[in-house]
Structure formats: C-alpha cells, structure tokens
Amino acid sequence: MKRSRKVMFVSHCLINANSKAATSSKHKAYYEGIVEKILHNDVGIIQAPCPELLYGVDRPPMNKEFYDTPEYRNYCKEIIDSLIETYKIYSENNYQILGFVGIEGSPTCGVSMTHITVNGEPKKVKGKGVFIEELEKKCIEKGIDLKIKDQDDIDDLLKVIP
Ligand code: SF4
C-alpha cells in the first residue's frame, strides 16, 4: 500500500496526556477525537517532546510567568532545533507537512490562549505559550511556513489536504 506522505507535528500530550501537570484530569491518556481525526485523514503524527517534563511528571500546574525564563526558553529552543531538523527531512523529500498542533491555554504550548497570574490567581488570556513563541520565531528565522493551531482548530490544518 502506498504511504500517504502526509505528516503533522503535535504537542506531546496530545497523544500522551500523562505528561500534563498533575491536576489536569480531562484526558485519561490522550486527546480523544482529535488524534483519531488526524489518523483517519491518513496523516502520520510526529510527537514533539514535552518541555514541561523538565519540571517533573507530577509537577503542579504553573502559569506563563513561571516558564518565561531564559533557561526554559533555551531548553525549548533545543527541542525546536531538533524538530526543525525533522521538518527538513520530510520537506526535502516532498512530504506534505500539515502543521503543528499546540494545546489551548497551556503556558508552554498554547497557540491562541495561555494562562497568566492575575491577583495571585490563574487567568486564561489571549496569547501564546513560551514554546510556541519560540517555535514561531525559529520558523520566521528559517523561512519555514509551518501552520500552528490549537487542538480544537485541527480542521484548519486538515482542510488543506487535497
Ligand atoms: S508542555 Fe506542552 S506538551 Fe507538555 S503537557 Fe504542557 S501542553 Fe502538553
């Protein structure tokens, strides 16, 4: 059978929710419905490493300020450099790379929304997580046109499939 030659990058927890902060309990193992949708469109999934695992698998949920440090940004950049190498391998061999799927509201992987601290409380606000900010910067620097969307906007990435 011929391979589809279509791939998509995803934030790690989309297919392994065990990496999420300890009190996050919406998903038992993965983002149900979204992962199936990608696979049913014959799109292969490239799972990015989870940057927040740097702080442990049972870490408490934190807001963007906690992650917005030079050290963490550098750590994200290292991950991104490796993803860009993978991107190049597929793109230079004429694979269709549909985009990158982030996680809405995440201080690291949020695309349209993230979480910040307001008056000592977490607040969901418009904005990007630290990893997505660095990913976008790298794509601009390298002239890479990688579409980046939150998981609930996956249709925007899949609709470009002929
Ligand atoms: S850092 Fe990204 S991949 Fe890791 S749990 Fe948070 S949203 Fe998921």
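Just so it is clear, none of the values below were taken in a lab; they were calculated from the coordinates. Computed from a prediction, not measured in an experiment: that's the story for all the values here. A quick note on method: Cβ atoms are made from the backbone with ideal geometry, for glycine too, and the neighbour counts reach across all protein chains shown.
Here the average projected area of the convex hull drawn through the C-alpha atoms of segment 85-141 stands at 4.5 nm². Debye sum, Cα scatterers, the chain, no solvent: what log₁₀ I/I(0) at q = 0.11, 0.15, 0.17 1/Å? Those come out to -0.43, -0.80, -1.02, one per q.
DSSP beta bridges fully contained in the chain are about 35 percent antiparallel. For the chain, the relative contact order is 24 percent, taking Cα pairs closer than 8 Å that sit 6 or more residues apart in sequence and dividing their mean separation by the residue count. Per residue of the chain, the DSSP helices (runs of n ≥ 4 H) give a summed -39500 (n - 2.57) that works out to -9500 deg cm²/dmol at 222 nm. Label separation (Lys37 vs Asp145): 2.3 nm, computed from points 7 Å beyond Cα along the C-beta direction. In order along segment 127-137, the Karplus-derived 3J(HN,Hα) couplings, from 6.51 cos²θ - 1.76 cosθ + 1.60 at θ = phi - 60°, round to x, 9, x, 4, 5, 5, 4, 5, 5, 4, 4 Hz, and Gly and Pro are given as x. Residue by residue, segment 67-74 carries 3J(HN,Hα) couplings of 8, 7, 10, x, 5, 5, 4, 5 Hz when phi is fed to the Karplus relation 6.51 cos²θ - 1.76 cosθ + 1.60 (θ = phi - 60°); x denotes Gly or Pro.
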